[in-house]
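Written out below as structure tokens is the structure these notes cover.
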Amino acid sequence: MAKVSELLLNEAKRLNVKIHTPNPSEEAEKENAQAKQSNQAFYAKYAIEEAEIVDPKIFGMQNAKYPKRKNI
Amino acid sequence: MKTLNFRAVVCGHITQEGAQSICEIIRNSLRHMELSDDDLYYSKNLTKLPIKTVHTYQEKSQLPHGEGSKINPNSAIQCYFQGGEKTYAKSALFQVLVELIREPAFNTLRTQEQLGYIVKVTYSSSAKVIGLNIKIQSARYGADYLEHRINNFIENLPNFSEEQVENIKRSLIKEYEQVITNIGQEGLRFWSQLEDDCFEFDSIPRAIRAI
């Protein structure tokens, strides 16, 4: 008698359902590498620059208005 | 611990003098030097991301145990869109936007594309800076692929009708208007103002007006 998992797998294959496997397959790695290129094309299309933060600017540092707390 | 910043919220059936004496007892029992405002400011800051730039941090995680697979099969991505310094108007805009795209994001990325078991769109407010987060956790796809699908989702966002926007605004206002049912909730609401350094205890009517 066939296992339930085998029956489900066969049925999935018959219906051409994408089977999710927990291990990163070569196909998934390839898909990921291709996606990286697509992302770069996306940035280029919208003039988004890939950058590193070398001289971080902190919010509000130019005109920091830190509220003075009252000592109670 | 040499230096400390002490803050307290006292709410409920108590007079101002009563609250002050409670704080005095706590303060006196802590032997500490007060943190300077500058030190405190630096400890709660956020880096300003330049406009139209993307900054990527990626890390490959190894599985601590398990034979065979050396790389953790799970991937996760968090796309954070920084919205700048918080104003009530900007915050209202971001909250409406988050609510508008939450359902289509879940429908597209989770239900249709089945990218992963966690798909979340959230509004963030930290150190007086607002932002929008899209998070996906996946057991099948790599982070670059997940980002690619997020970019695709953003590019193909539908046009939202005025009615949809109005419905979201109404439901957000309703949420803000919810009556507090216990003192714990009231305390948390006040405490969030201290955490964010806003000290705006009338933030709810102002947020409602902005929406």
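Every number in this text was worked out from the coordinates using simple rules, so none of it is lab data. In this text, all values refer to a predicted model and were calculated from it rather than measured experimentally. Cβ placement follows ideal geometry from the backbone for every residue including glycine, while neighbour counts extend to all protein chains displayed.
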Once both labels are modelled 7 Å past Cα along the beta-carbon direction, what's the residue A:47-residue B:178 spacing in nm? 4.3 nm
Using r as the Cβ-Cβ distance of residue B:190 and residue A:13, and R0 as 41 Å, what FRET efficiency do you calculate, to the nearest 0.05? 0.10
Here the gain from full extension of residue B:32 to residue B:155, 0.36 nm per residue of separation minus their alpha-carbon distance, amounts to 39.0 nm
Over 23 Å between C-alpha atoms is what I'm after, so list which of A:45/B:60; B:90/B:120; B:48/B:174; B:48/B:128; A:57/B:52; A:45/B:128 land there. A:45/B:60; B:48/B:174; A:45/B:128
Testing the spin-label approximation: label points 7 Å from Cα along Cα→Cβ at residue B:198 and residue B:8. State their distance in nm. 2.5 nm
Once you place label points 7 Å from the Cα toward the Cβ at residue B:107 and residue B:53, how far apart are they in nm? 3.7 nm
Report the dimensions of chain B along its three principal axes from the alpha-carbon atoms, largest first, rounded to Å. 60, 51, 35
How far is helix B:143-155 tilted off the main Cα axis of chain B, in degrees rounded to 10, range 0 to 90? 90 degrees
Could you list B:55, B:13, B:148 so that the one with the fewest beta carbons within 10 Å of its beta carbon is first and the one with the most is last? B:13, B:55, B:148
Where does chain B land at 222 nm, in deg cm²/dmol rounded to the nearest 500, when only DSSP H runs of n ≥ 4 count, each adding -39500 (n - 2.57), divided by all residues? -13500 deg cm²/dmol
